[in-house]
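What follows is a set of notes on a single structure, which appears directly below.
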Amino acid sequence: MPLEVLEAPPVRDAGTGSPPPGREAPRGGGDSRGPLPFDPTRFGLMAFLGSASMLFVGFTSALMLRRLSPDWQPLRPPGVLLLNTLALLASSVCLEAARRRLRAWDLAGMRARVDATGALGVLFVVGQAFAWRALAAQGIYLSTNPSSSFFYLLSGIHLVHLAGGLAWLAVLVTRARRMTVVPGADGLGLFALYWHFLGALWLYLLVVLFVI
């Protein structure tokens, strides 16, 4: 009977995180769970994102109907919203760069880009606070008119989702600093799906609130 030779798993360099000589780094950048027919975690995230999408679609329908009322007054967007949008989009770019660095086994580069993603996310949150403060300085509050009510409501719900994303990112940053991440089992793939969804959702809200 032929004997099978079991090959020991590769050992990474503890200092650089690179794979040993003669072996290629895994090329999967997602969150593969092996032979399972589907990833339960990814399925749960997709279900949550679907529910969130339906929530905002419902608010959009209500906004479109309310806009037909004679008391509707268009809201002029605060200028800081442009900077907030650029910060959020830049954070997605940094996140994708972090995933590429991890696939190349550049753990130091990955950590730096994940940190940048978090910093830009926090900058977006601070910028939103400044946007609300700018509106309040003009005497525009939640109950001032229907358009301001929808802006505060939709941007606030979006901010709650983004704050949850920042908490998730904080866990990933902690793991990255402890060097306990490897390509294919890093969690960045799932987080990127959530984070990019929030970026696309924010662009959608800007169009609905100020363009259409």
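Throughout, read-outs are computed from the coordinates displayed, never taken from laboratory work. Because the structure is a prediction, the values reported are computed rather than measured. A quick note on method: Cβ atoms are made from the backbone with ideal geometry, for glycine too, and the neighbour counts reach across all protein chains shown.
Modelled this way, with points 7 Å down the Cα-to-C-beta line, the labels at residue 136 and residue 119 are 2.8 nm from one another.
Amide H contacts for residue 105 (H built 1.01 Å from N in the peptide plane; partners 5 or more residues away or on another chain; cut-off under 5 Å): none found.
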